[in-house]
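The values are calculated or read from the model by the stated rules, or taken from the named source; none is laboratory data. Predicted model only: the values in this text are computed from it and were never measured. FYI the Cβ positions are ideal-geometry reconstructions off the backbone, even for glycines, and counts take in every protein chain you see. Accessible surface is based on the protein model in full, side chains and every heavy atom, while ligands, DNA and RNA are left aside. Shrake-Rupley method; radii C 1.70, N 1.55, O 1.52, S 1.80 Å.
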Amino acid sequence: WQIESVKPQRLTQQLDRFSPVFKPVANHNFNLEYEKKKKSEGKMVRADRQVVLDMLFSAFEKHQYYSFKDLVDITKQPVAYLKEIMRDIGTCHCKGTHKSTWELKPEYCHYQPVRQVFFTAD
């Protein structure tokens, strides 16, 4: 049993012929599609601040919380520029159920806070 335990678990074998199953590819199809998409969209260009604010407010009318990636997709603005605007008008939740999402500050949102209604039994 000592001889068995000293034997290596894996052995290397020399192949007689080349197996062309896995050939290296310079650029995969999904990379090419991504490059085409990036070229067609072009670079992100800063829009006027008021235009971006209008886009953000219309988005926040639909939902209360957004991840930052979603906001970038909605506005098509550079990350640094959008983050600067969001710091002015919104708050980022770091904990809780809405972790890593942005919400408008209370002075910018027009929706009412949720009130609890208690019913009494007659």
From the list (1) 2, 7, 12, 12, 10, 7, 7, 6, 5, 5, 6, 6, 5, 4, 3, 1, 0, 0; (2) 2, 13, 24, 27, 21, 10, 3, 0; (3) 2, 9, 16, 17, 13, 10, 8, 6, 4, 3, 2, 2, 2, 2, 1, 1, 1, 0, can you say which value of P(r) over Cα pairs in 5 Å bins from 0, in percent was derived from the structure given?
-> (1)
If we sort 28-41, 54-67 on the protection proxy, mean other Cβ atoms within 10 Å, highest first, what's the order?
-> 54-67, 28-41
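Give me the accessible area per residue for the range 15-100, probe 1.4 Å, as a whole number in Å². Each step should come with its number before you reach the end.
Values: 7030 Å² over 86 residues.
Per residue, the range 15-100 has an accessible area of 82 Å².
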Of the heavy-atom accessible surface of the chain (probe 1.4 angstrom), what whole percent is carbon and sulfur?
-> 55 percent
Mind jotting down the distance between the C-alpha centroids of the range 73-113 and the range 24-54, whole Å?
-> 23 Å
In the Gaussian network model of the chain, springs joining C-alpha atoms below 10 Å, which of 106, 20, 78 carries the largest mean-square fluctuation?
-> 20
Scan around residue 101 for amide H atoms under 5 Å from its own, H built in the peptide plane at 1.01 Å from N, and keep only partners 5 or more places away or cross-chain.
-> 93
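Using only DSSP helix segments of four residues or longer, with each worth -39500 (n - 2.57), what per-residue ellipticity at 222 nm results for the chain after dividing by its residue count and rounding to 500?
Values: 5 runs with 51 residues, N = 122.
For the chain, the value works out to -12500 deg cm²/dmol.
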Rounded to the nearest 10, the angle in degrees between the Cα long axis of helix 79-89 and the longest principal axis of the Cα atoms of the chain comes to 30 degrees
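Fully extended, how many nm does the chain gain between residue 19 and residue 45 (0.36 nm per residue separation, minus their Cα-Cα distance)? Working shown, then result.
Details: separation 26, 0.36 × 26 = 9.36 nm, distance 4.91 nm.
Value of the extension gain: 4.4 nm.
Let's test the formula: R0 of 30 Å, r as the Cβ-Cβ distance of residue 107 and residue 37. What FRET efficiency results, to the nearest 0.05? All intermediate terms of the calculation are to be shown ahead of the outcome.
Details: r = 38 Å, r/R0 = 1.27.
For residue 107 and residue 37, the calculated efficiency is 0.20.
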